[in-house]
Amino acid sequence: MHGDPSVIGRESPPTVFEVERGAIGKFAAAIGDETPEYLAGEIAPPTFPTTFRAPLPELALDLSRVLHGEEEYTYERPIRQGDVLSVTRRIEDCYTRQGSLGEMTFYVVSAEGRDPQGALVYRSRTTIIYR
Amino acid sequence: MDAREFREGEELRVLVKEPITKVQLLRYAGASGDDNLIHVDSDTARAVGLDGVIAHGMLSMGFLGQYVASLAGPAAVRRLRVRFSGMVRPGDVLTCRGVVKETRDGIAHLEVWAENQRGERVTHGDAELLARA
């Protein structure tokens, strides 16, 4: 069932992602971003954390009915090649609204990535709309 | 590039992106790990009421990420937040624009957006960059 507020507070297990040079280069190339530091794979583009898809079973939705409402990233420092980040995602909110397309369920999902010493590297906040 | 100065009220130079192509959507899907078929498969898009594939919102946000990093260097980006308000389709040409709202404590606060070839804002938000005092 969608819009069930009992999912609020559910967290993914911490999931480890290693930032690879080739992955940075492919991501930047897909955006058409030729910033030399990205193409060399040294620093990752600001939206690179979208590639860190820590599993959240409560969000196993029919993807074709998912729209992206909002996205926010805050960075303590740039993400670099060789970073090993432990990423945890958490459902912060879940509510239902009547919209022009009928009933829509909104999920607000936060994430944070930490280095192996536990230092925060980035946070994100995502609003997805399920219609 | 080092952090630069930002003047309050300054209109920032624009970034005009190449027209979005279906191949780009395929590459972005692969590079980002987004398995949503509405971005790459017309049948799936039509089945959910769209008239064809639409671009990933995150691709437009990626354009804005490129834009803000180009202003002060990739290491200067502290925050980027956007709302996705309009659909983007293959063939659309997005232009990234920005205005300096405030500079405080070494951080420049920008309003940034991507607009299409009809001048419609499709992705709109704000950013914080490290600024030179």
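Results for (1) among the hydroxyl-bearing types (Ser, Thr, Tyr); (2) more than 22 Å from B:Trp113 (Cα to Cα), shown as yes or no for each residue.
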{"site": "A:His2", "(1), (2)": "no, yes"}
{"site": "A:Thr15", "(1), (2)": "yes, yes"}
{"site": "A:Glu18", "(1), (2)": "no, yes"}
{"site": "A:Gly25", "(1), (2)": "no, yes"}
{"site": "A:Ala30", "(1), (2)": "no, no"}
{"site": "A:Arg65", "(1), (2)": "no, yes"}
{"site": "A:Glu70", "(1), (2)": "no, no"}
Residue check for A:Ala29: buried (at least 16 other Cβ atoms within 10 Å of the Cβ), within 9 Å of chain B (Cβ to nearest Cβ) and small (Gly, Ala, Ser): yes
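Matching residues to (1) without any contact (Cβ under 8 Å) to a residue 12 or more places away in the chain; (2) surrounded by fewer than 17 Cβ atoms within 10 Å (Cβ to Cβ); (3) touching a strand residue (DSSP E or B) at 6+ places or on another chain (Cβ under 9 Å):
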position: A:Arg90; (1), (2), (3): no, yes, yes
position: A:Gly102; (1), (2), (3): no, yes, no
position: A:Gly113; (1), (2), (3): no, no, yes
position: A:Ala119; (1), (2), (3): no, yes, no
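Any chance the stretch B:15-36 includes a residue that's under 12 Å from the mean Cα position of the chain (by Cα), surrounded by fewer than 23 Cβ atoms within 10 Å (Cβ to Cβ) and within 7 Å of chain A (Cβ to nearest Cβ)?
Within the stretch B:15-36, one or more residues are under 12 Å from the mean Cα position of the chain (by Cα), surrounded by fewer than 23 Cβ atoms within 10 Å (Cβ to Cβ) and within 7 Å of chain A (Cβ to nearest Cβ).
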Set B:Leu129, B:Leu110, B:Leu71, B:Leu80: member being assigned to a helix (DSSP H, G or I), touching a residue at least 12 places away in the same chain (Cβ under 8 Å), open to solvent by less than 10 Å² (accessible area, probe 1.4 Å) and not basic (Lys, Arg): B:Leu71
Residues of the stretch A:1-31 that turn out to be of a type in the set (S, T, N, Q) and assigned to a helix (DSSP H, G or I), as a count: 1
Residues within the stretch A:32-83 that are part of a loop (DSSP other than H, G, I, E, B) and open to solvent by 50 Å² or more (accessible area, probe 1.4 Å), tallied: 9
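The values are calculated or read from the model by the stated rules, or taken from the named source; none is laboratory data. Keep in mind that this is a model prediction, so the values were computed, not measured. Reconstructed Cβ throughout: ideal geometry from the backbone, glycine too, with neighbour counts over all protein chains shown. With ligands, DNA and RNA removed, areas are computed over all heavy atoms of the protein, side chains included. Shrake-Rupley method; radii C 1.70, N 1.55, O 1.52, S 1.80 Å.
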